[in-house]
Amino acid sequence: MRRLLLLLAFLPALAFAQDNMVTRDGVTLTPAQEARAEAIGDQLRCLVCQNESIEESNAKLAGQLRGIIRAQVKQGVPSKSIMHYMVQRYGIFVLLKPPISPLTWLLYASPILALLLGLGIFWLGRRRAAPPPPAPLSGTEAARLDELLKE
């Protein structure tokens, strides 16, 4: 009987349960909206940490950016528009994987350029480090060498 009363006591709470969740940024989203917001946040660089996405970062600015994204997701703004807004506001640097364009050619070519530069420095270093060939023996030195070898 007590179990039935306990169950009946919690039954109204289940009726008010929603499929929405409050994120750590204080915005109420459905699980699908939250997943979309996280997917967008995983593509954006934290401008403070620089090696983390804004979803991974604990920086205050990253939290503000997450809040902006979640507010726009809640309003139904398309993902591409949100990404475009972030790039317009913070520059292409905000993207963790910037697209290949004339602006980012150096970024993508830098590993190859660094390898070529390293190989060039190594090659020049080996050329300069090679000792010069020894001078030929003089007549006196050659006679002395022959004398030593005969003994």
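The values are calculated or read from the model by the stated rules, or taken from the named source; none is laboratory data. Just so it is clear, the model here is predicted, and its values are computed rather than measured. Here the Cβ positions follow ideal geometry from the backbone for every residue, glycine too, while neighbour counts run over all protein chains shown.
Here is a yes/no grid of residues against (1) surrounded by 13 or more Cβ atoms within 10 Å (Cβ to Cβ); (2) at positive phi; (3) not assigned by TED's automatic domain parsing to the domain that holds Leu47; (4) not hydroxyl-bearing (Ser, Thr, Tyr):
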{"position": "Gln64", "(1), (2), (3), (4)": "no, no, no, yes"}
{"position": "Val77", "(1), (2), (3), (4)": "yes, no, no, yes"}
{"position": "Ala114", "(1), (2), (3), (4)": "no, no, yes, yes"}
{"position": "Arg127", "(1), (2), (3), (4)": "no, no, yes, yes"}
{"position": "Pro136", "(1), (2), (3), (4)": "no, no, yes, yes"}
{"position": "Ala143", "(1), (2), (3), (4)": "no, no, yes, yes"}
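Looking at the structure I just gave you, is Leu106 more than 24 Å from Ala32 (Cα to Cα), under 26 Å from the mean Cα position of the chain (by Cα) and surrounded by fewer than 10 Cβ atoms within 10 Å (Cβ to Cβ)? Yes. Can you say whether Glu55 is acidic (Asp, Glu), under 20 Å from the mean Cα position of the chain (by Cα) and at pLDDT 90 or above, as far as the supplied structure shows? Judged against the criteria, Glu55 is a match. Would a scan of the stretch 66-78 turn up a residue that is modelled with pLDDT of 90 or more and of a type in the set (S, T, N, Q)? Yes, the stretch 66-78 has at least one match.
Every listed requirement among (1) surrounded by 13 or more Cβ atoms within 10 Å (Cβ to Cβ); (2) in the same structural domain as Arg45 (by TED's automatic domain parsing); (3) at pLDDT below 90 is met by Gly91 save one, (1).
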